[in-house]
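Read-outs throughout are calculated quantities, based only on the coordinates presented, and are distinct from any laboratory measurement. What you see is a predicted model; the values in this text were computed from it and never measured. When we count neighbours, we look across all protein chains shown, and the Cβ atoms used for this are built from the backbone with ideal geometry, even at glycine.
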Amino acid sequence: MNILGVSALYHDSAAALVKNGEIIAAAQEERFSRKKHDDRLPIGAIAYCLDAAGIKSGQTLDAVVFYDKPITKFTRLLTTLTERAPRGFSVFQAAVPAWVKDKGWVGAVLERALGRQGVSVGQFYFPEHHVSHAASAFYPSPFPEAAVLTMDGVGEWACSSIAVGEGHELKMLVEQRFPHSLGLLYSAFTYFTGFKVNSGEYKLMGLAPYGQPRFVEKIRKELIQIREDGSLWLNPDYFGFLDGFTMTNEKFSRLFGGPPRPAESEISSREMDLAASIQAVTEEVVLKMARYARALTGKSRLCLAGGVALNCVANGKLLRSGLFEDLWIQPASGDAGGALGSALYVWHQVLGKPRSVVPGRDAMKGSLLGPSYPRDSISEFLTKNQIPHQEYRGEARETFLAKALADGKVVGMLQGRMEFGPRALGNRSILADPRDPKMQSGLNLSTKFRESFRPFAPIVLQEDVADYFEKVKESPYMLLVDQVKSSRCLPRRGDEEKLPLTEWVNRPRSDLPAVTHVDYSARIQTVDQERNPRLHRLLQEFKKLTGCPVLVNTSFNVRSEPIVCTPEDAYVCFMRTGIDVLALDDFVLLKNEQPLWEETANWREEFGLD
């Protein structure tokens, strides 16, 4: 039985295909359209999923599942704007055309789109938004039973929820309703500090260690009431998202000493302190929600999903709290993952199909669920375009790349299936030597073309993680932040907060300077033989040469560009940036052997601000 799950029309559209309970394929639309956070119907992602499952023109999909209930969501929009009338009329005017055209008729829109591909639909389903999130967290997890916590901006009415999963059954227990949303609160600070909502939240998280949480009490006093069970109340007087087009209003600006920071302007100590403060408040709420979930469900394991579950710092604090014996976080925790969760929900909960759990092994296949490109297609691309290259068979490629990395080269990697979710996990990655104190600034400025303060993540051999980091034992999806071992850290000099941001960033803090953040933390990905054998082998080869089983891993893209999907995408990014070596599976390209790269237009204007 083939079930297609779809998330679309808000942000991060995606499709996923589940066949007889097995996850066959999943991908975000942005990787095909090349539009970051693409919210349109995921035509490219759907076509890929159908192809991966072998579903051809003339066949019928047993079920198509949309990840939320559009009519319920529209009801919430109308109710909210009516309550705020007449101030919300301009928002109403802007929103209605989209609902009349697509959002209110999702089933019909999907049926027409699939019909154009020659595929018919047996049955449509519309689970609630947070049900889809909860299903994406529990069903692929390695736990036979668990508490499930979901947190995001808003679905239909729910902004967070607690559920319990047992076997193939998922039961929703409690929810926090709009507008009292932890996700929207965090996004309000994202907007106010000059970053893009639904895109720049991870920047706010990365900025937080530079600041002091001096606004925490002001946030607690004026903006939010936090109860012991993690439920909360937001003061609507300070926010613009209820009846306007901005997340905050003038009263919010007065509270924090001036208007929002203009995008791309200098980051001041105010923005650093705001980031530190909202991060501290977020961690407090997450811990209280988790504690209540433990008490409510009695389960010793916890699954997480929703956009807030991508806050790796909060996840790390939750792990270290000891509230649960173990955590499992959906690697595509945002709206994209709702496509997968909705399909799994129909298979297990609606149809009552049993769930097979292998202890210690999740069902996500390393989240490597996107397209791969066979040797012949890569070879044809290189030959047709007369691109100089060498082919390395077997372990010879890992040996060559490890030597290049040890020599200080930056390597772009496209291999196997593309990752599902926002993290590059080694198959669409840029890799580098973490021991080089100049690597962080070099990658940010000449390769990623992004803000200098942003940290990079380490990948480390699973078997060596305890030698480098304090608590994390396994983190295959780069969703946990931990402290670098104190024995590897350099002492603070005491003048850090007086330094310009660029100098603070570039000052070494450990023997892994390129991946150690200013608070001595790192967002870790552990690599094991089972999930990614070639990446594991590369780390082993690098360790043989250097004694270090750690590499820098950042996504293969430039700022505001979606992560590369195809060999063509990878080659263009390689030629536009400071990447020295490109691996397209077994084919290796050296920058100094490539023909002169020329473009008639400023390619960076293709991509808006992220």
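Structure summary
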{"item": "Mean-position separation - Cα centroids, segment 23-40 and segment 67-122, in angstrom", "result": "20 Å"}
{"item": "Where Cα atoms sit under 23 Å apart: lysine pairs in segment 375-606 separated by 8 or more or lying on different chains", "result": "25"}
{"item": "Fewest-first sequence of Ser13, Ser120 by Cβ atoms within 10 Å of each Cβ", "result": "Ser120, Ser13"}
{"item": "Fully extended contour minus Cα-Cα distance, from Lys438 to Val358, at 0.36 nm per residue", "result": "24.5 nm"}
{"item": "R0 of 25 Å, Cβ-Cβ distance Glu474-Leu445: FRET efficiency to nearest 0.05", "result": "0.15"}
{"item": "Square roots of five times the Cα gyration tensor eigenvalues for segment 95-189, Å", "result": "28, 22, 10"}
{"item": "Cβ-Cβ FRET estimate between Gln225 and Thr82, R0 fixed at 35 Å, reported to 0.05", "result": "0.90"}
{"item": "Spatially proximal lysines relative to Lys19 (Cα-Cα < 28 Å; intrachain offsets below 8 disregarded)", "result": "Lys56, Lys69, Lys103, Lys171, Lys353, Lys365"}
{"item": "Burial ordering of Tyr392, Tyr345, fewest other beta-carbon atoms within 10 Å first", "result": "Tyr392, Tyr345"}
{"item": "Ranked Phe449, Phe469, criterion: other C-beta atoms within 10 Å, fewest first", "result": "Phe449, Phe469"}
{"item": "Sites Cys489 and Glu606 - FRET efficiency at Förster radius 41 Å, r taken between beta-carbons, to 0.05", "result": "0.55"}
{"item": "Centre separation in Å (Cα based) which lies between segment 505-574 and segment 238-261", "result": "38 Å"}
{"item": "Exceeding the 23 Å Cα-Cα cut-off - candidates Lys218/Lys288; Lys221/Lys288; Lys196/Lys221; Lys35/Lys196; Lys196/Lys251", "result": "Lys196/Lys221"}
{"item": "Rg followed by Dmax, in Å, when segment 177-327 is reduced to its Cα trace", "result": "15.4, 48"}
{"item": "Inter-probe distance in nm under a simple model that places probes 7 Å from Cα toward Cβ, at Glu264 and Glu380", "result": "4.0 nm"}
{"item": "Entry for Kirkwood radius over Cα pairs in Å (calculated from the structure that is shown) out of [x] 28.5; [y] 24.8; [z] 25.8", "result": "[y]"}
{"item": "Added length on full extension, which subtracts the Cα-Cα distance from 0.36 nm per residue, Glu503 to Glu166", "result": "116.2 nm"}
{"item": "Label-point separation in nm, Glu463 to Arg40, each point 7 Å along Cα→Cβ", "result": "4.8 nm"}
{"item": "Of the chymotrypsin sites (Phe, Trp or Tyr not before Pro) in segment 214-288, those whose Cβ has at most 14 other Cβ within 10 Å and which sit in DSSP loop", "result": "Phe245"}
{"item": "Potential lengthening between Arg116 and Lys101 on full extension [0.36 nm per residue; Cα-Cα distance subtracted]", "result": "3.6 nm"}
{"item": "Amide proton proximity set for Leu173, modelled H, under 5 Å, gap of 5+", "result": "Ile162, Ala163, Val164"}
{"item": "Relative contact order of the chain, defined on C-alpha pairs under 8 angstrom at six or more residues apart (%)", "result": "16 percent"}
